């Protein structure tokens, strides 16, 4: 299979595993996915968890799969966000990613498609804070 260059998105472990298993069907962020990435295959760049409590937590960033997101939507209330907990898998009390009243907007990015790579690939040389331009898969 010929290598391709595609844009990539940084996603922390263990959320990558939840996405690649199909358990997590909505990615949540404090901003909508940029329009140019809706419906586009993105490399999933797995980054180490900030709280390394899991032996499977990677030591360095790596590309573990690809993902395609649909049209984003804005959560209108904490109640709406809590009603989707079974889809985004963020617990109400999560130390880093739970709903915080003063954090501003919370957006859902529906997952349309995902693929796990058989073997993780090295992260791109230039890895942005959130997105990367050239990921080799």
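The values are calculated or read from the model by the stated rules, or taken from the named source; none is laboratory data. Keep in mind that this is a model prediction, so the values were computed, not measured. All Cβ positions, even for glycine, are placed from backbone atoms using ideal geometry, and neighbour counts span all protein chains on display.
Among the residues of the stretch 89-129, what is the count of those that are surrounded by 14 or more Cβ atoms within 10 Å (Cβ to Cβ), modelled with pLDDT under 80 and under 22 Å from residue 45 (Cβ atoms)? Selection size over the stretch 89-129: 2. Residues of the stretch 43-57 that are closer than 20 Å to residue 123 by Cβ and free of Cβ contacts under 8 Å to residues at least 60 places away in the same chain: 47, 48, 49, 50, 52, 54, 56, 57.
Considering 62, 29, the condition of being over 22 Å from residue 125 (Cα atoms), in contact (Cβ under 8 Å) with a residue 24 or more places away in the chain and under 16 Å from the mean Cα position of the chain (by Cα) is satisfied by 29 alone.
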